[in-house]
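Everything below concerns the one structure shown next.
The values are calculated or read from the model by the stated rules, or taken from the named source; none is laboratory data. The shown structure was predicted, so the numbers you read here are calculated from the model rather than taken from an experiment. Neighbour counts run over all protein chains shown; Cβ positions are idealised from the backbone, glycine included. Heads up: the accessible areas ignore ligands, DNA and RNA and are worked out on the full protein's heavy atoms, side chains in. Shrake-Rupley method; radii C 1.70, N 1.55, O 1.52, S 1.80 Å.
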Amino acid sequence: MKSADPPPLRDIVLLGGGHANVQVLKRLGMRPEPGLRLTIVAREPHSPYTGMLPGYVAGVYDWDEIHIDLAKLARFAKARFIAAEATGIDATEHRILFADRPPLRYDVLAINTGGVPGERFASEFVTPVKPIGRFIPVWEELTANGAPPRSLGIVGAGPGGVELALAINHRYPGTRCTLVDGEDKILGGFADKPRRRLEDALRKRGVSVVTGARVTGAREGELLAGDTSISIDHALWTTGVEAPAWFADAGIDTDSRGFVSVNEYLQSTSHAEIFAAGDVAHLGAGPRPKAGVYAVRQGPVLAENLRRFATGRRLRRFRAQRHAMAIVGLGTGTAVANRGGRYAAGRWVWFLKQWIDRRFMRKFNDLPEMSEEAVEVSSSLQEELPPSMRCGGCGAKLGAGSLNAVLRRLDVPQSPTTLLGIGEDAAVVQVSQGNLAVSCDGFRAMIDDTYRFGRISAHHALNDLFAMGAQPKFALAIATVPLMADRMMEEDLYQVMSGALDVFTAHGVDLVGGHSAEGGELGVAFSVTGTLVREPLTKGGLSPGEALVLTAALGTGTLLAGAMEGRTRAEHLLGAIDLMDRSNAAAAEVLREHGARGCTDVTGFGLAGHLSEMTRASGTGAILRVNDVPILPGALELMASGVESSLQENNQQALEDYENRGGAPDAPALRLLADPQTSGGLLAGIPGPAAGDCVQALRREGYATAAVVGAVTPAGLEIVV
C-alpha cells in the first residue's frame with residue numbers, strides 16, 4: 001500500500017538528547033518510516049558533545065560548535081520536540097512521568113538521558129562534570145570574571161579528568177589544578193608509554209597529581225581523602241555518574257548500580273518495548289565504561305532496532321568494540337592517542353581528534369534538504385490503517401470511547417456555580433451580579449509540545465477578558481485532532497486539554513463542555529465567559545499625555561515561523577514558548593492600579609496594528625519609540641534574514657498609518673512592530689507620572705520585559721527611532 005501521507009500508528013519516544021538518540025533523529029529523518037511518529041523529550045534544548053568539552057574549556061571551540069540544536073534536528077526529522085525533565089516511567093501503562101506536567105504515552109521508548117550526580121555532589125563547592133549540560137552553565141559562572149578559582153581540585157584521573165586539567169591549564173595558566181584519584185596510578189586503562197607521556201605533560205604544566213587517595217568527603221576549601229586534606233577553592237568531579245533512582249522504581253530490570261539492563265539489541269531485558277543506550281545502559285553481554293564513544297557507536301544500531309521493533313521485524317545485534325580509542329589533548333596543538341596496547345602522539349593526533357569531532361557535529365548541524373516522496377507503509381502496519389474514506393459532519397466526531405477515556409483522565413473540577421456541565425447537551429451556570437464579558441479564540445498547533453500548546457491556547461483566549469478587566473468564569477472548548485491510531489488521538493486530545501485545564505483551574509475557570517472532532521491538523525479554540533463588575537478597560541480609553549506601557553516583548557511570530565523552517569535556535573524558541581505560556585491576569589491588575597483606562601492585548605495584528613485600533617477608538621494619536629520596544633532574543637536576527645509570519649505582509653500595511661521619523665522602512669526592528677503575536681502582552685495607557693512605578697510593579701510580578709514604549713498624543717501616529 002502506498003500513501004503520500006499515511007497516518008501515524010505508533011509513537012516512538014526518545015527520552016534524552018544523548019549521543020545515541022540524536023543519531024536516531026538524524027537517521028529516521030533521512031529515511032522516515034511511514035506509520036511511525038517520533039518525539040524527543042530532553043531536559044536541555046541543546047545537546048553538548050562530550051568529546052569537545054575539553055576543547056571548549058581550552059578556548060578552541062565556542063558554545064555553538066559543541067552543541068546540537070535539538071529543535072532544529074527534530075524539525076528535520078519531522079519529530080516532535082518537548083523540553084521537559086522526566087521524573088519516572090510507568091512501564092505498565094507505557095508512560096513517561098514528569099513533576100510539572102501530565103504523563104506522556106509511548107509505544108516504543110529509547111532512553112539516552114545520561115546519568116545523574118550522586119549525593120556527594122550536593123554542594124556548591126563541588127561541580128560534577130557529568131551531565132555536561134548542567135556542568136557548562138556552572139563553568140561559565142565560575143569563569144565569568146575571566147578566570148576560574150585560583151585552585152581547582154579535579155576528582156578522577158582518567159582520560160576525561162586529565163584532559164580537563166590540561167585544558168584548564170592551557171587557557172587559565174594562573175589556576176592551580178590538582179588531580180586526585182583513588183587508584184595507585186592515573187589513566188589505569190592506558191599503556192605505560194602514553195601514560196608516561198601524559199604524566200610528563202602534567203608535571204611540566206604544574207598540574208599536581210595525588211594518587212591512592214579516594215575522596216571520602218568535600219567541604220568548603222578542602223577535599224578529604226581518608227586522613228589527607230587537600231586544600232582547594234572548588235572541586236570538579238569526573239569519576240562518573242549514578243543511575244536515576246526511578247529506573248528501579250519503574251520495575252525495569254537494572255544492574256546492581258541501578259542502570260538499565262539491556263541485551264545485545266540494546267533492549268531492556270524486562271520490557272521489550274524499552275531500549276537504552278549510553279551511560280544509562282548496562283550491556284550484560286559485554287559491559288563497557290561509561291564513555292561517550294560507546295553511545296556514539298550504539299546510535300546506528302539503536303535507530304535501526306527502534307524502526308524494526310515498531311514494525312515487527314527482526315532486531316540487529318550491537319557488537320561493542322573491545323577497546324575504544326581515547327585521544328587526550330594536551331591543551332591545544334598536540335594530543336596522545338591510546339587504544340589497547342597501542343598509542344600515538346603529536347600534532348597530527350590533535351588534528352585527527354579535531355577532524356573526528358567536527359565530522360560528528362557536521363552530521364547534525366549541516367542538515368540536507370529532504371524531498372517529499374510517496375512512501376510505502378510496512379506490511380505489519382497495513383492492517384491497522386484506518387479506512388481511506390473519512391466521514392464529515394457528525395461522523396467526524398471522536399469516538400465516545402476515546403472521549404470518555406480522556407474525560408476520566410482529566411477529572412475536570414466544577415465549582416458550585418456550574419449547575420450542569422460536561423455530559424449534558426448544554427451547560428447551565430449560575431451568573432453573579434455584574435455584566436457578562438464573552439470572547440472566543442483559537443488556532444492550530446504552532447509548537448510540537450501538545451501540553452504547552454493547550455496552555456498557550458487557554459492563556460490566549462483568557463487574555464481578551466483580562467485586557468478588559470473582566471474575571472473569566474466559564475469556558476467551552478472545540479478541539480480537532482488529526483487522524484492517527486485511536487490511542488494516539490486520545491493521547492493528543494488529553495495532552496492539549498490537560499494543558500488548558502491546568503490554566504483554567506489556576507484562574508478559577510470551569511471548563512463546562514465542548515466538542516471534539518477529527519480534522520486535518522491539531523487545533524483548539526475556546527469560548528470564554530466572565531463577569532465585569534468594574535468599569536471596563538477598553539480600546540477607546542486612551543488620553544493624550546499618557547505613557548504607553550507594553551507588558552511583554554515582541555517576536556513570537558517570526559520565532560514560530562523560523563521554527564517551522566528549522567531556523568530558530570532551540571533556546572530562542574523555548575523563550576517564546578515561556579512568554580506565550582504566561583497569564584496576563586496580574587498584569588491587568590497592575591495596569592488598573594496605576595490608572596489605566598485604555599487597554600488591549602497585543603496579538604495577531606501586531607503592536608502597530610493594535611495601537612492603531614486604540615487611537616482610532618480613542619480619537620487620539622501616539623508616538624512609538626522603536627528602541628524602547630522589548631524584543632525576544634533571536635527575533636531581530638530572524639526578521640533581518642527574511643523569516644516572517646504569513647500575516648506579516650498584511651500587518652505591515654498598518655505601518656503606513658505612521659510617520660516614520662529616522663528609521664529605514666525595512667529595518668528589522670521596525671518590521672517587528674507588525675509581527676503577529678500569539679498570547680502576547682498587554683498594551684495600556686498609563687498617566688505619565690505613574691508610568692515608571694507601573695513598569696517596576698509589573699517587573700516585580702514577573703513581567704521582566706515590561707517597558708514604556710511611547711506616549712499618547714492629541715493626534716497623528718509617529719514612529720521614532
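Arrange the peptides 201-207, 240-246, 463-469 so that the one whose residues have, on average, the most other Cβ atoms within 10 Å appears first.
The densest-packed peptide leads the list: 463-469, 240-246, 201-207.
For a quick size check, give me the Cα extents of the stretch 1-115 along its three principal axes, largest first, whole Å.
52, 36, 18
About the Cα centre of the chain, what is the dipole size in debye to 20, counting +1 per Lys and Arg Cβ and -1 per Asp and Glu Cβ, all else neutral?
My answer is approximately 3100 debye.
Distance from a point 7 Å along Cα→Cβ of Arg408 to each backbone N in the stretch 69-110: keep the residues under 16 Å and list them by number.
From the stretch 69-110, the list is 93-94.
Mind giving me the nanometre distance, one decimal, between the label points for Cys440 and Ile478, set 7 Å out from Cα along Cα→Cβ?
0.4
May I ask for the Kirkwood hydrodynamic radius of the stretch 615-721, worked out over all distinct Cα pairs and given in angstroms to one decimal?
15.0
Just name one of Ile154, Ala547, Ile686: the one whose Cα is farthest towards the positive end of the charge dipole of the chain (beta-carbon charges, Lys/Arg +1, Asp/Glu -1).
After comparing all options, I get Ile154.
Could you work out how far helix 400-410 tilts from the main Cα principal axis of the chain, as a 0 to 90 degree angle to the nearest 10?
Result, in degrees: 80.
Give the relative contact order (percent, whole number) for the chain; include only Cα pairs under 8 Å separated by 6+ residues.
After rounding, I find 13 percent.
Using a Förster radius of 56 Å, what is the FRET efficiency between Asn365 and Arg625 based on their Cβ-Cβ separation? Nearest 0.05, please.
Between Asn365 and Arg625 the formula returns 0.90.
Leaving out ligands, DNA and RNA, what percent of the accessible area of the chain is carbon and sulfur, probe 1.4 Å?
In the chain, the share of accessible area belonging to carbon and sulfur is 49 percent.
Note down the net charge around Val602, summing +1 for each Lys or Arg and -1 for each Asp or Glu among other residues with Cβ under 14 Å from its Cβ.
Within the 14 Å Cβ shell, the charges total -3.
Ranked from the most accessible area to the least, with a 1.4 Å probe and all protein chains present, what is the order of Lys72, Lys353?
Most to least solvent-accessible, the answer reads Lys72, Lys353.
Probe of 1.4 angstrom, ligands and nucleic acids ignored: what's the accessible area per residue over the stretch 435-477, in square angstrom?
Each residue of the stretch 435-477 exposes 33 Å² on average to a 1.4 Å probe.
In what sequence, highest mean first, do 227-236, 257-266 appear when ranked by Cβ atoms within 10 angstrom?
Sorting 227-236, 257-266 by mean packing, highest first, produces 257-266, 227-236.
Between Val138 and Ala320, what length in nm is gained on full extension when 0.36 nm per residue of separation is reduced by their alpha carbon distance?
62.2 nm
Which value, in Å² and to the nearest 10, is the accessible area of Arg699 when all protein chains are kept and the probe is 1.4 Å?
110
What does the charge add up to near Ala588, with Lys and Arg as +1, Asp and Glu as -1, over the other residues with Cβ less than 12 Å from its Cβ?
-3
Between Glu565 and Glu183, what is the FRET efficiency for a Förster distance of 45 Å, r being their Cβ-Cβ separation, to the nearest 0.05?
The formula returns an efficiency of 0.30 here.
Between helix 606-618 and the chain, what is the angle of the helix's C-alpha long axis to the longest principal axis, kept within 0 to 90° and rounded to the nearest 10?
20
Would you mind putting 631-642, 447-458 in packing order, based on average other-beta-carbon counts within 10 Å, highest first?
With the highest mean Cβ count within 10 Å placed first, the list reads 447-458, 631-642.
Given the DSSP H assignment, sum -39500 (n - 2.57) over each helix run of at least 4 residues in the chain and divide by its residue total; what's the result at 222 nm in deg cm²/dmol, nearest 500?
Value at 222 nm, helices only, nearest 500: -9500 deg cm²/dmol.
When ligands, DNA and RNA are left out and all protein chains stay put, how many square angstrom of accessible area per residue does the stretch 44-195 have with a 1.4 Å probe?
Ligands and nucleic acids excluded, the result is 37 Å² per residue.
Distance in nm between label sites at Thr417 and Glu85, each 7 Å beyond Cα in the beta-carbon direction?
The answer from the label model is 3.8 nm.
In whole angstrom, and with the biggest value first, how far do the Cα coordinates of the stretch 35-84 range along each principal axis?
45, 20, 14
Which net charge results for the neighbourhood of Val431, defined as the other residues with beta-carbon distances under 14 angstrom from its beta-carbon, given Lys and Arg at +1 and Asp and Glu at -1?
In short, 0.
If the viscosity is 1.306 mPa s and the temperature 10 °C, what Stokes-Einstein diffusion coefficient in µm²/s follows for the stretch 540-657 when Rh is the Kirkwood radius over Cα pairs?
103
Helix 570-580 against the longest principal axis of the chain: what's the angle in degrees, Cα atoms only, rounded to the nearest 10?
The angle comes out near 30 degrees.
On average, how much area does the Cα convex hull of the stretch 217-318 cover when viewed from any direction, in nm²?
Averaged projected hull area, Cα only: 8.5 nm².
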